[in-house]
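Contents: one structure, followed by commentary.
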Amino acid sequence: MPTIGVLALQGDVREHVAMLEAAGAGATPVRRPAELEAVDGLVIPGGESTTMWKLAEIFEMLEPLRLRIKDGLPVYGSCAGMIMLADRIEDGVDGQQTIGGLDMVVRRNAFGRQVDSFEADLTFDGGPVHAVFIRAPWVESVGPEVEVLATAPPGDRIVAVRQGPLLATSFHPELTGDTRVHRYFVNMVNTVRDH
Ligand code: GLN
């Protein structure tokens, strides 16, 4: 059974721990570089990306996170976590940094201008998923290596992507009780572990 960390600087950590356990993985909060070293995969939860970035700097986690991603660690970012995985962001605060790794441009609070929060039934990896969006970002554009896994109204916005061992969704599957996205990620982690 893989052990998957949940980055526990800020955000809805407990919900992800419960979903990872329901999806057949061991789950543990990660706050320090030594804890990051010990996991087979990592979830970056939803929350607030500017706060998460500042806390990652204070806890001296930004560089360790970048290094482990460069080494091929499987990482799943949801909402603010998606922003943290983006190589480039739009509508960030001044100087806002991300961890990066996923070759995409993500627009913060993109749906927020039209509607703060909403729910939608989407297709993810060939199956239905009920998606909860909360001041969610969308993916503005992706590089050639990035696979689009789901889109949402209005206008078929890109809301789930994958590039190798990195997965990101604009929405919060941890709030629905539907383990499809977490099971997909646990499979990704198992595949990397078995090689
Ligand atoms: N709007 C938040 C941000 O910019 C993300 C919201 C969320 O994670 N639910 O970080």
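Among (1) without any contact (Cβ under 8 Å) to a residue 40 or more places away in the chain; (2) surrounded by 23 or more Cβ atoms within 10 Å (Cβ to Cβ), where does ILE44 come up short?
(1)
Could you say whether any residue in region 42-65 is farther than 18 Å from GLN96 by Cβ, touching a helix residue (DSSP H, G or I) at 6+ places or on another chain (Cβ under 6 Å) and among the aliphatic types (A, V, I, L, M)?
The answer is yes; a qualifying residue exists.
For region 119-175: of the residues being aliphatic (A, V, I, L, M) and part of a loop (DSSP other than H, G, I, E, B), which is modelled with the highest pLDDT? Even if it seems obvious, please write down each step before you answer.
Taking region 119-175 first, the residues aliphatic (A, V, I, L, M) are 120, 122, 129, 131-132, 134, 136, 139, 142, 146, 148-150, 152, 158-161, 166-168, 175.
Subset that is part of a loop (DSSP other than H, G, I, E, B): 136, 146.
Values: ALA136: 94, VAL146: 98.
By that ranking, first place goes to VAL146.
Quick check: anything in region 35-53 closer than 22 Å to VAL181 by Cβ and among the hydroxyl-bearing types (Ser, Thr, Tyr)?
Yes, there is a match, as at least one residue in region 35-53 is closer than 22 Å to VAL181 by Cβ and among the hydroxyl-bearing types (Ser, Thr, Tyr).
Hey, ASN187 hits all of (1) more than 16 Å from ASP121 (Cα to Cα); (2) in contact (Cβ under 8 Å) with a residue 40 or more places away in the chain; (3) in a helix (DSSP H, G or I) but one; which does it fall short on?
All conditions pass for ASN187, except number (2).
Return yes or no: is ASP94 under 24 Å from VAL139 (Cα atoms) and more than 14 Å from the chain's Cα centre (by Cα)? Reasoning before the result, please.
Details: under 24 Å from VAL139 (Cα atoms): yes; more than 14 Å from the chain's Cα centre (by Cα): yes.
Answer is yes for this residue.
The values are calculated or read from the model by the stated rules, or taken from the named source; none is laboratory data. Note that the structure is a prediction, hence the values are computed from the model and not measured. Cβ sites come from the backbone with ideal geometry, for glycine too, and all protein chains shown count toward neighbours.
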